[in-house]
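Notes follow the structure.
The values are calculated or read from the model by the stated rules, or taken from the named source; none is laboratory data. All of these numbers come straight from a predicted model, not from anything done at the bench. Cβ: placed from backbone, ideal geometry, glycine included. Neighbour counts: every protein chain shown.
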């Protein structure tokens, strides 16, 4: 026996109903990842003159941060490696530490 109801299921914001939206989100995820990677490489290239007393580079890549969700025009897009970590090996304290902060991603 079927009961009639007036309850209408609302579409959830994370639910993708069409394959085109999934393609767009995957493309946005890939473009954001590449843009942040290029930004980090440009930062390290600009800071390559900073050296330790023994001649090693002061700033080096040190992995990636956790996945971040970024709000875009097509909805929230999770970026797998949204934040590139740069380690300052020559900083003696927090006041003279060189930090990389992406201009594309919110803090």
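Please state which one of 28, 42 is touching a strand residue (DSSP E or B) at 6+ places or on another chain (Cβ under 6 Å) and in a helix (DSSP H, G or I).
On the way: 42 fails: touching a strand residue (DSSP E or B) at 6+ places or on another chain (Cβ under 6 Å).
Testing whether each residue is touching a strand residue (DSSP E or B) at 6+ places or on another chain (Cβ under 6 Å) and in a helix (DSSP H, G or I) leaves just 28.
Remark: pairs (first residue in the stretch 16-31, free of Cβ contacts under 8 Å to residues at least 40 places away in the same chain and on the phi < 0 side of the Ramachandran plot; second residue part of a loop (DSSP other than H, G, I, E, B) and surrounded by 12 or more Cβ atoms within 10 Å (Cβ to Cβ); Cβ separation under 6 Å; 6+ apart in sequence or on different chains) = 22/16.
Considering the conditions (1) assigned to a loop (DSSP other than H, G, I, E, B); (2) modelled with pLDDT under 85, residue 48 is excluded by exactly one of them, (2). Of the numbered criteria (1) under 30 Å from residue 11 (Cβ atoms); (2) part of a loop (DSSP other than H, G, I, E, B); (3) out of contact with any helix residue (DSSP H, G or I) (no Cβ under 8 Å at 6 or more places or on another chain), the one residue 92 fails is (1). If you check 86, 81, 60, 77 for being modelled with pLDDT under 80 and assigned to a strand (DSSP E or B), only one passes: 86. Assessment of the stretch 65-72 against the conditions (more than 12 Å from the chain's Cα centre (by Cα), surrounded by 12 or more Cβ atoms within 10 Å (Cβ to Cβ), part of a loop (DSSP other than H, G, I, E, B) and at pLDDT 75 or above) yields no matching residue. Within the stretch 89-107, the set of residues being at pLDDT below 75 and surrounded by 15 or more Cβ atoms within 10 Å (Cβ to Cβ) comprises just one member, 105.
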